[in-house]
Amino acid sequence: MTKTIQLNGKTYDVPTEVQSVQQLLIHLQLAERILVVERNKKIIAKEAYDKPIQDRDQIEIIHFVGGG
Amino acid sequence: MSTRYSRQELFTPIGAEGQKKIRQAKIFILGAGALGSSAGEMLVRAGVGQVTIVDRDIIEWTNLHRQQLYTEQDVVDQLPKAVAAKQRLAAINSDVEVKGQVVDVTPDNVLNMIEGYDVILDATDNMETRLIVNDAALKLNIPFFMGACVGSYGLTFPIGIEKNQPCLHCLLEMMPLQTMTCDTVGVISPIVVTTAARQVADVLKYITGNPLTPALVSADVWSGDRASIDVRSLKKELCPSCSASAVYPFLTAKHSMQTAVLCGRDTVQLSWPKSRPFELAAVAVSLRGTVSKMVYNPHLLACEYGNHRLVLFRDGRMLVHGTKDIVVAKKIAAELLG
């Protein structure tokens, strides 16, 4: 079954090969960045990025950039 | 002139009392590039008391699509950004005492520069300087309104507005030696204005005594993505920059970039702290298309950028050939590595 989550304020159908937060970050090409990741209003630690994504999760990802 | 700010005063959360507080505010703007242009104009139009804007750079053609204070003539005249910004801001609002300083902010001069200001607005183009100013602002107890943008994406974070909030050092954990920059992936003006607008809204809330929370907020004006994260739980009890036992590491040379002009070689060496080796393979990927004649091996990456030959060593050093000017070398590092 396809999982549908809220990602940064928008509805997002998670590709079937993406199971964990880490895999989502890789899919979004954000894995190498400095990030803050929140899942269902709780910030998750890097060590917990391998936890599976659940249907209807609310995920927010903010990565740092340098420019200005 | 008495009605100049009437529409701003009509806005209930500000009112006449808020306008008086805005009038008394002394603002330090760190950088006169895109964010500094946009935020500077908003703050000066809002009628703050004093604005000091600092920058180490001159205006170039590649700046004009997004750096709203500057004109073609400024490029022709090769004006420093801080000089042209000061002229334009002073012309916009003669009520405001505007100063411009052409200077590179370093651990040595930062405390003297920011002392006495009520607010620091971040408009720099690199994390190195942000972490130096993060430390300095925490040491002097001045709120620091961080903002950064690249591509169509930007983020903001107000630091030092609540006692138990994290600082930039808490959030970054380790220093990102390399971030995306406007010179590697480009930038469009709508995200500049969006990011600066959020920073200025936070500054206005702060100086008028309105509620403000230390949220990390991002927006992408192209995709429509946006996020807001309450990062209070990320405060580090032993943070060297903001805990009770803070040592402000980025104000000491050991943790900040070292620079040296290599004698007789027309070369500047930039050295980052030893804890920050270059990931050369990742750097190579991000610089592809921006630099030319790139070669890299496990030890170094060499390339050409403009008139300069650059050599990056794995141990966190970069040689910039073709200049004796440290500011030029640091500018190249900021453009390419963030």
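The values are calculated or read from the model by the stated rules, or taken from the named source; none is laboratory data. Keep in mind that this is a model prediction, so the values were computed, not measured. Cβ sites come from the backbone with ideal geometry, for glycine too, and all protein chains shown count toward neighbours. Just the protein is used for accessible areas: all its heavy atoms, side chains included, with ligands, DNA and RNA removed. Shrake-Rupley method; radii C 1.70, N 1.55, O 1.52, S 1.80 Å.
Could you say whether any residue in the range B:297-315 is touching a Gly at 6+ places or on another chain (Cβ under 8 Å), modelled with pLDDT of 85 or more, open to solvent by less than 50 Å² (accessible area, probe 1.4 Å) and over 26 Å from B:His255 (Cβ atoms)? Checked against the condition, which is being touching a Gly at 6+ places or on another chain (Cβ under 8 Å), modelled with pLDDT of 85 or more, open to solvent by less than 50 Å² (accessible area, probe 1.4 Å) and over 26 Å from B:His255 (Cβ atoms), the range B:297-315 yields at least one hit.
A Cβ distance below 7 Å, combined with a sequence gap of six or more or placement on separate chains, defines the contacts here; from the range B:314-338, residues that are farther than 24 Å from B:Ala34 by Cβ reach residues that are open to solvent by less than 50 Å² (accessible area, probe 1.4 Å) and in a helix (DSSP H, G or I) in the pairs B:Arg314/B:Leu280; B:Met318/B:Ala333; B:Thr323/B:Ala329.
Yes or no, residue by residue, for (1) at the interface with chain A (Cβ under 9 Å from one of its Cβ atoms); (2) in a loop (DSSP other than H, G, I, E, B); (3) open to solvent by 20 Å² or more (accessible area, probe 1.4 Å):
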residue: B:Thr194; (1), (2), (3): no, no, yes
residue: B:Gln199; (1), (2), (3): no, no, no
residue: B:Lys205; (1), (2), (3): no, no, yes
residue: B:Gly209; (1), (2), (3): no, yes, yes
residue: B:Thr213; (1), (2), (3): no, yes, yes
residue: B:Val217; (1), (2), (3): yes, no, yes
residue: B:Ile229; (1), (2), (3): yes, no, no
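Scanning the range B:223-241 for residues that are aliphatic (A, V, I, L, M) and in contact (Cβ under 8 Å) with a residue 12 or more places away in the chain gives B:Ile229, B:Val231, B:Leu234.
For the range B:57-75, the count of residues that are part of a helix (DSSP H, G or I), outside the structural domain of B:Ser286 (by TED's automatic domain parsing), buried (at least 17 other Cβ atoms within 10 Å of the Cβ) and under 16 Å from the mean Cα position of the chain (by Cα) is nonzero.
A:Lys46 meets the conditions (1) open to solvent by 80 Å² or more (accessible area, probe 1.4 Å); (2) over 20 Å from B:Arg232 (Cα atoms); (3) more than 8 Å from every other protein chain (Cβ to nearest Cβ) in every case but one. The failed one is (2).
Here B:Lys293 fulfils each of the conditions (1) surrounded by 15 or more Cβ atoms within 10 Å (Cβ to Cβ); (2) in a strand (DSSP E or B); (3) more than 20 Å from the chain's Cα centre (by Cα) apart from (1). When we screen A:Val14, A:Val21, A:Val65 for residues that are touching a Phe, Trp or Tyr at 6+ places or on another chain (Cβ under 7 Å), more than 17 Å from B:Arg232 (Cα to Cα) and more than 8 Å from every other protein chain (Cβ to nearest Cβ), the only hit is A:Val21. Among the residues of the range A:49-62, just one is in a strand (DSSP E or B) and more than 12 Å from every other protein chain (Cβ to nearest Cβ), namely A:Pro52. Residues of the range B:1-30 that are among the β-branched types (Val, Ile, Thr) and away from chain A (no Cβ under 14 Å): B:Thr3, B:Thr12, B:Ile14, B:Ile22, B:Ile27.
Taking first residues from the range B:31-53 that are away from chain A (no Cβ under 14 Å) and at positive phi and partners that are surrounded by fewer than 24 Cβ atoms within 10 Å (Cβ to Cβ) and not in a helix (DSSP H, G or I), the Cβ contacts under 8 Å between residues at least 6 apart in sequence or on separate chains come to B:Gly47/B:Arg4; B:Gly47/B:Tyr5; B:Gly47/B:Asn93; B:Gly47/B:Asp95; B:Gly47/B:Val96.
Report yes if some residue within the range B:59-67 is out of contact with any Gly (no Cβ under 7 Å at 6 or more places or on another chain), more than 19 Å from B:Asp122 (Cα to Cα) and at pLDDT 95 or above; otherwise report no. Checking the range B:59-67: at least one residue is out of contact with any Gly (no Cβ under 7 Å at 6 or more places or on another chain), more than 19 Å from B:Asp122 (Cα to Cα) and at pLDDT 95 or above.
The set of residues in the range A:24-37 being within 11 Å of chain B (Cβ to nearest Cβ), open to solvent by 70 Å² or more (accessible area, probe 1.4 Å) and touching a strand residue (DSSP E or B) at 6+ places or on another chain (Cβ under 9 Å) consists of A:Arg33 alone.
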